[in-house]
1. Filter region 20-58 for residues that are part of a helix (DSSP H, G or I), closer than 22 Å to I6 by Cα and among the aliphatic types (A, V, I, L, M) and give the result.
2. Suppose we keep only residues that are over 30 Å from K67 (Cβ atoms) and among the aliphatic types (A, V, I, L, M) within region 6-52. Which one would you say is surrounded by the fewest Cβ atoms within 10 Å (Cβ to Cβ)?
Amino acid sequence: MTTISIPINNNLNEYIDEQVRLGNASSKAELIRRAIIKFKNDEFVSSILEAEQEIKDGKILTGDLDKLAEGFE
């Protein structure tokens, strides 16, 4: 596992502390990991929705949906 260090502003830090205090995550690290996983999954959903729109627009698509689904956490 790799550790990264990022600067954040006070508002974000307070929000993270509040979420941990409210029990929405057991630690700051868990909250950040969950946020990154959600972002990653949102990107995959966006790609799928874009592909669906391209199909509706009559574009021909190639690819492997099973491979795409592997990207979900």
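1. The answer is V20, A29, L31, I32, A35, I36, I37.
2. So, considering only residues that are over 30 Å from K67 (Cβ atoms) and among the aliphatic types (A, V, I, L, M), the one surrounded by the fewest Cβ atoms within 10 Å (Cβ to Cβ) is I6.
No lab work stands behind these numbers, since they all come straight from the coordinates. This one's a predicted model, so the numbers in the text were calculated from it and none came from an experiment. Every residue, glycine as well, gets a Cβ built from its backbone with ideal geometry; the counts of neighbours run over all protein chains shown.
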